[in-house]
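**Q** Pasting in a structure now, in structure tokens, and then I'll have a few things to ask.
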């Protein structure tokens, strides 16, 4: 990055929280069909309804000028977007940006890891929900574990500052692998986060039956590992524990068992340019029409972003017992 001196923070919501972190989805498409993320038979958006990479770069620059210091590129699977590397290179040049990070399923990392590191990506989160090839295939419907593990190794060899596995445990599916996944992370000197499944989009299973509470996962792991509470943060909602005598830490992202909204510092931008103020609410501002109506004037976009802080909700409202999901949009639409 060219500079580590962020612009003065200007994005402050009605509850006094400073927003300095954006998660930008650059595509709703993915080469996997993870059962908690999307339907098996998905209809993806036509190209004209998706932000161009130039529009993505323009939006990120505006947000960084408004004090955002961390940008996470997500999807769908961001690396299946044609010419995605151009965007990473453009964003990586921005003055004031401290961290450019990536969330990925890992399928394309073997070929892109070195270029991503060169472009300025500091940290990578890789979704791995099972270390058993057949089970991995069942959860992802189309994924090959070997391909993802090759991508992980390529990322380790590329030398990123931080690599983390993201895992969603589901009762009766992969909840028996928590210990093995942590040991895998320890063996590779990387981190791992367990994410409670979120009620977004209609899926084929009953989330109330498959939900695994992170409190229970922590207790299980404490019975096997010497875990030390940590105040470390990567700027997101995870709460971390250090595994004693290792280089690894374990994070817990717990939207159900420990609501983290009081310290929310982020907003999400969908690949359609929808600015979502909360993952678990429908409050949003449409930025794509403003971008396209004002190709040479950022003022209307800046005004819309500043005004959006007035409608950022206090928090999400997840309830697994509801007959319908809290938000009827798939995780792949909003961005991972």
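Throughout, read-outs are computed from the coordinates displayed, never taken from laboratory work. Keep in mind it's a predicted model, so treat the numbers as computed, not measured. Virtual Cβ from ideal backbone geometry, glycine too; neighbours counted across all protein chains shown.
**Q** Can you tell me the order of 25-31, 262-268 when each peptide is scored by its average per-residue count of other Cβ atoms within 10 angstrom, highest first?
**A** 25-31, 262-268
**Q** Taking the Cβ-Cβ separation of residue 86 and residue 180 as r and a Förster radius of 30 Å, what is the calculated FRET efficiency to the nearest 0.05?
**A** With R0 = 30 Å, the Cβ-Cβ based efficiency is 0.20.
**Q** Could you order peptides 220-226, 178-184 by the average number of other Cβ atoms within 10 Å of their residues, highest first?
**A** Packing order, densest peptide first, comes out as 178-184, 220-226.
**Q** Once you sort the root eigenvalues of the Cα gyration tensor of the range 114-235 as a ≥ b ≥ c, which label holds: rounded (a/c under 1.5), prolate (a/b larger than b/c) or oblate (the other case)?
**A** oblate
**Q** What is the distance in Å between the Cα centroid of the range 108-149 and that of the range 219-252?
**A** The range 108-149 and the range 219-252 have Cα centres separated by 22 Å.
**Q** What ranking do 288-301, 57-70 get when scored by the average of other Cβ atoms within 10 Å per residue, highest first?
**A** The most tightly packed comes first, giving 57-70, 288-301.
**Q** Quick check: pseudo-label points 7 Å beyond the Cα along Cα→Cβ at residue 132 and residue 156, how many nm apart are they?
**A** 2.3 nm
**Q** To continue, here is another question. Just to verify a number: FRET efficiency for residue 14 and residue 245, C-beta to C-beta distance, R0 = 35 Å, to 0.05?
**A** About 0.20, to the nearest 0.05.
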